[in-house]
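One structure, as structure tokens, below. Some questions next.
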Amino acid sequence: MWTVFLILWSLHFSLAAQSEPLRPPSVPLVACNPYFSIWSPADKLTDTDTTHWTGKAQRLTSLARIDGKSFRLMGGQPADVPALAQTSLQVLPTRTIYEFENETIHLTLTFMTAALPDDLNVLSRPVTYVSWEAQSKDQKSHEVEIYFDARSEIAVNEPNQPVTFQSATTSGLTAWRVGTVEQPILRRKGDDVRIDWGYFYVAMEKNKKTLSNVAPAAAARAGFVANGNPGEASVLQSDGKNDTVIAFATKLGSVRAKPVSCWLMLAYDDLYSIQYMKKNLRPYWRRNGDDASALLTKSAKDYEDLKKRCVKFDTELMGDLRNAGGENYAQLAALAYRQCFAAGMFVADDNGQPLQFCKENHSNGCISTSDVFYPMSPQFLLFGPSLAKSFIVPFMNYAASDRWKFPFAPHDLGTYPQANGQVYGDGERGVNNQMPVEESGNLLCLFGAVAQMDGNADFAGLYWKQLEQWAEYLKEKGFDPENQLCTDDFAGHLAHNVNLSAKAICGLGSFAKLCEMRGDKQKSEEYMKLARGFAERWVKEAAEGDHFRLAFDRPNTWSQKYNLVWDRILGLNLFPAEVAQKEMAFYRKIQNQYGLPLDNRETYTKLDWITWTATLTQNRDDFEALVAPIIAFLNATPDRAPMTDWYQTKTARKVGFTARPVVGGVFLEMLYDKAVWHKYAGRDKTKASGWAAMPKAPEIKMVLNAADKHKAMWDYTTDRPGNNWQQPGFDDSNWKHGQSGFGTSGTPGAIVGTTWNTSDIWLRREVDLTATDFNDVQAWLHHDEDAEVYINGVLALQAGGFVSGYDMFPLTPEGRAALRPGKNLIAVHCHQTTGGQYVDLGLVEVVRAK
């Protein structure tokens with residue numbers, strides 16, 4: 001009976017590990033960065049409209065006319081145009097390929113984002129190529145025309161934001177651009193937001209067969225369906241409600257057996273990408289003075305070469321992935337590849353060196369979070385030192401600054417795209433929400449991996465003081481962690497965390513290796529002995545029969561021990577092989593239909609951690625047995641959003657998190673093969689080095705105090721006032737008087753002087769300002785939610801959404817010009833929709849560091 005059971009058990013997991021075609025929950029089309037990221041949440045490209053990764057509408061549409069009859073290729077509209085039958089979908093690292101056909105024509109539609117990791121000049125370009133290729137099926141000649149349009153909503157956060165369209169045509173390209181009228185560069189931060197500054201471009205090579213237009217979608221499409229002509233440009237300014245699109249139509253001509261093709265580019269120039277310690281940084285591709293025109297011109301010139309390079313890269317990487325982990329693994333990694341890169345942005349520092357800032361998509365919107373870039377890191381590590389160091393440098397510069405007071409590593413750098421300091425504070429505030437062992441262990445392991453790739457510890461030497469301090473912290477606190485959060489913070493605080501202890505032990509071993517590389521034999525031996533001693537204790541104190549515990553003090557528990565991966569990858573040899581083998585055998589017995597739960601407390605899991613755990617024994621059968629249920633989950637989940645990393649292993653339902661960069665962790669298996677790792681890392685063309693120091697934050701001088709400095713009296717009303725309420729001459733004698741700030745207690749960062757709990761509030765205050773250089777004056781504002789500020793009757797600032805503390809907001813040029821020495825009327829309106837509410841305003845003078 002026991003033999004029969006073993007045979008059936010083995011057969012079950014052998015069948016489970018067999019490859020099956022991957023049905024992405026959502027398909028990457030445009031995948032460049034957190035703002036320029038458009039997906040198709042359906043099996044077929046014509047089943048529904050395309051969306052931004054957040055799920056908000058960002059509609060792309062494509063039609064084809066075949067011998068005068070129109071078909072839909074992309075998008076759910078126009079519904080009265082029949083869809084051309086989709087016959088296949090393939091997602092590769094840099095390309096998404098759809099195939100369509102009817103009885104006469106075979107048509108291929110490809111989205112290509114040239115995310116070539118060895119060439120940061122190309123990887124950082126916010127450009128996606130869309131191409132169409134038609135071929136006759138019946139050997140007869142057929143007339144084929146192609147139509148494409150994109151809505152203005154790609155350049156706004158809210159659909160009612162006014163936009164303007166402009167021709168961006170150059171010598172060799174026909175192009176249009178669209179952007180908001182307001183252009184609030186880097187003013188909006190948070191999670192579920194889209195960009196509303198910079199410009200979205202659609203560009204196509206000039207030729208006599210191509211027509212372009214800016215018009216209402218219905219009119220442009222109707223013209224193409226009727227006669228192949230989308231009409232003349234008729235709308236150059238829009239409030240977003242009239243369904244305005246940039247439309248292109250081109251004739252492929254007579255198509256026979258030989259394929260005929262055309263292509264266009266989608267691009268987004270955000271002008272500035274990241275604010276780092278109050279300094280706005282340019283995207284990396286702009287570092288040598290390129291503007292949008294240069295971006296489009298170079299990208300068009302490079303298209304044919306990039307197409308060949310992408311095909312070659314995809315073919316090679318998919319082959320290496322199959323060799324490493326099988327077809328399931330290759331498909332999973334291909335889906336993860338662009339998602340990982342598209343959840344962050346590459347910018348240039350003052351020395352022109354690359355810095356990468358990742359975003360906690362649909363998590364909390366933090367920027368450069370250690371427990372996010374830690375699981376993300378394998379994809380960056382695999383492809384070379386420049387990529388790996390690009391996300392570590394800005395984090396470490398902050399950790400090494402006098403702003404960071406703690407003996408352990410930071411958690412984050414702020415809220416995307418503003419990397420101005422940790423969300424939880426960098427003083428004594430918020431200690432309970434930090435992850436001391438987690439973050440310190442993360443960085444020590446990552447520096448060990450970079451040193452192994454470099455063959456030296458020179459990079460670690462740049463931050464040696466911090467690494468020594470964190471190693472000392474783990475020496476004292478790491479083996480048996482206190483009650484604190486780890487990267488799985490959604491599970492809450494946990495004391496005596498066994499997996500977290502494993503990370504600390506590997507971090508100490510990594511530090512020992514770094515000491516050895518730096519020639520400090522004594523310290524290397526000291527820390528390696530410490531790590532080995534901790535590992536021996538760990539094996540004894542975490543033991544739970546046929547597996548190891550969740551927490552040292554919790555019998556009858558278990559958890560994934562994904563942090564053990566560094567023991568083998570870094571050659572630390574701290575834990576006996578039996579540990580991984582025992583854990584793996586246990587995992588294979590208890591995993592559910594859609595994957596291995598994170599631990600015994602819940603049935604949910606983390607996709608990235610399963611792919612780490614799957615590598616522990618370096619046994620192919622073990623690896624495939626744990627990866628196969630992930631594919632089953634992706635194929636079964638009803639949640640049609642970009643790949644989540646947090647889901648239920650019994651129901652295939654997403655718990656939370658969307659489109660996060662942590663899926664780059666699936667590439668960890670590739671780091672075990674040193675030859676493959678060396679091959680890809682050795683192709684690094686950027687050779688990044690000599691990074692600039694962290695920007696020095698400007699000095700702020702208060703011009704007009706807000707409640708965080710000194711409370712002040714305002715006139716206010718919660719009843720809608722009459723017209724011209726913001727003007728100096730308005731009669732507000734019947735308004736109430738209240739002390740700043742205005743809101744409800746419990747609102748994050750609020751200093752409530754007067755309770756405001758209605759939907760709207762209007763404020764007025766006359767102030768005396770002394771003479772100053774008003775060109776350097778900004779608002780000192782805390783708003784929850786939408787706020788507008790007037791100075792002497794002139795609109796000086798609009799701020800959407802909410803913030804959780806006081807911050808600087810640039811005034812409009814008109815607002816600054818309205819300021820004058822002496823009497824000034826400040827008027828504020830704030831609108832509340834849900835959650836907490838608060839508004840308060842001051843003015844500051846910004847003194848830039850020289």
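The values are calculated or read from the model by the stated rules, or taken from the named source; none is laboratory data. This is a predicted model, so every value here is computed, not measured. All Cβ positions, even for glycine, are placed from backbone atoms using ideal geometry, and neighbour counts span all protein chains on display. Only protein heavy atoms, including side chains, enter the accessible area calculation; ligands, DNA and RNA are left aside. Shrake-Rupley method; radii C 1.70, N 1.55, O 1.52, S 1.80 Å.
Within the chain, what percent of beta bridges assigned by DSSP are antiparallel, to the nearest 5? Kindly include the intermediate steps, with their values, before the conclusion.
Values: 155 of 160 bridges.
For the chain, the DSSP antiparallel bridge percentage is about 95.
Please give the net charge around Ala457, taking every other residue with its beta carbon less than 11 angstrom from that of Ala457, where Lys and Arg add +1 and Asp and Glu add -1.
Working: positive: Lys513, Arg518; negative: Asp454, Asp458, Glu516, Asp520.
Summing Lys/Arg as +1 and Asp/Glu as -1 gives -2.
Give the calculated FRET efficiency between Thr718 and Gln593 to the nearest 0.05, with a Förster radius of 51 Å applied to their Cβ-Cβ distance. Walk me through the numbers before you get to the answer.
On the way: r = 54 Å, r/R0 = 1.06.
According to the calculation, E is roughly 0.40.
Over all directions, the average projected area of the alpha-carbon convex hull for the chain comes to how many nm²?
37.9
If you don't mind, another one. By how many nm would the segment from Asp138 to Asn280 lengthen if fully extended, with 0.36 nm per residue of separation less the alpha-carbon distance? List each step's numbers first, then the result.
Values: separation 142, 0.36 × 142 = 51.12 nm, distance 5.68 nm.
Computed gain between Asp138 and Asn280 is 45.4 nm.
Check cross-link reach from Lys312 to the aspartates and glutamates: straight Cα distance under 18 Å, and skip same-chain residues fewer than eight apart.
Asp118, Asp119, Asp302, Glu304, Asp320, Asp684
Could you work out the local net charge near Phe200, counting Lys and Arg as +1, Asp and Glu as -1, over the other residues with Cβ closer than 12 Å to its Cβ?
Its environment carries a net charge of -1.
Sorted by average packing, counted as other Cβ atoms within 10 angstrom per residue and highest first, what order do 104-112, 806-814 take?
Output ranking for 104-112, 806-814: 104-112, 806-814.
Once you have the Cα-Cα distance between Lys301 and Glu525, take 0.36 nm times their residue separation minus that, and quote the gain in nm to one decimal.
Length difference between fully extended and current span is 75.1 nm.
Just round it to a whole percent: the fraction of Cα-Cα distances in segment 438-594 exceeding 27 Å.
Taking all Cα-Cα pairs of segment 438-594, the fraction more than 27 Å apart is 22 percent.
How many angstrom separate the Cα center of segment 537-579 from the Cα center of segment 442-461?
24
Out of residues 5 or more away from Gly656 or on other chains, whose amide H comes under 5 Å of its own, with H placed 1.01 Å from N in the peptide plane?
When sequence neighbours closer than 5 places are left aside, the close amide H contacts are Trp646.
Calculate the dipole size of segment 174-255 relative to its Cα centre from +1 charges on Lys and Arg beta carbons and -1 charges on Asp and Glu beta carbons; express the result in debye to the nearest 20. The partial results should precede the final answer.
Numbers: 11 positive and 8 negative charges, 60 e Å.
Taking the Cα centre of segment 174-255 as origin, the dipole is about 280 debye.
Can you give me the distance in nm between label points at Ala218 and Thr48, each placed 7 Å from the Cα along the Cα-to-Cβ direction?
2.4
Of the heavy-atom accessible surface of the chain (probe 1.4 angstrom), what whole percent is carbon and sulfur? Mind showing how you got there, number by number?
Working: 14810 of 30980 Å².
That fraction is 48 percent.
Semi-axes, largest first, in whole Å: what does sqrt of 5 times each Cα gyration tensor eigenvalue give for segment 660-755?
57, 20, 15
On average, how much accessible surface per residue is there in segment 240-382, in Å², for a 1.4 Å probe, leaving out ligands, DNA and RNA?
Per residue, segment 240-382 has 30 Å² of solvent-accessible surface.
Within segment 63-108, which trypsin sites (Lys or Arg not before Pro) sit in a loop by DSSP and count at most 14 neighbouring Cβ atoms inside 10 Å?
none
Would you mind listing how long segment 544-635 runs along its three principal axes, going by Cα atoms, in whole Å with the largest first?
In descending order, the Cα extents are 38, 29, 18 Å.
Rounded to whole Å, give me the distance from the Cα center of segment 717-781 to that of segment 611-689.
What the calculation gives is 50 Å, centre to centre.
Ok, one more. Select from Ala168, Ser212, Gly190 the residue farthest towards the positive end of the dipole of segment 142-242; place +1 on Cβ of Lys and Arg, -1 on Cβ of Asp and Glu, and compute about the Cα centre.
Ala168
Same structure, new question: At 1.4 Å probe size, with every protein chain present, just tell me what the per residue accessible area of segment 697-850 comes to in Å².
Each residue of segment 697-850 exposes 46 Å² on average to a 1.4 Å probe.
Can I get the semi-axes of segment 196-342's equivalent ellipsoid? Compute them from the C-alpha gyration tensor as square roots of 5 times the eigenvalues, in angstrom, largest first.
Computed over segment 196-342, the values are 32, 26, 16 Å.
Pairs of Cα atoms under 8 Å, at least six residues apart: use those to get the relative contact order of the chain, whole percent.
On the way: 2013 pairs, mean separation 94.1, N = 850.
With pairs under 8 Å counted, the relative contact order is 11 percent.
Okay, next question. Give me the percent of Cα-Cα pairs in segment 625-697 that sit more than 17 Å apart, rounded to a whole number.
64
Moving on. Less than 18 Å from a label point 7 Å out along the Cα-to-Cβ axis of Asn102: which backbone N atoms in segment 79-93 qualify, by residue?
Answer for segment 79-93: 79-88.
Could you please state, rounded to a whole Å, how far the C-alpha centre of segment 70-139 is from the C-alpha centre of segment 388-403?
The two parts, judged by their Cα centres, are 40 Å apart.
Just to verify a number: FRET efficiency for Asn229 and Ser261, C-beta to C-beta distance, R0 = 22 Å, to 0.05?
0.55
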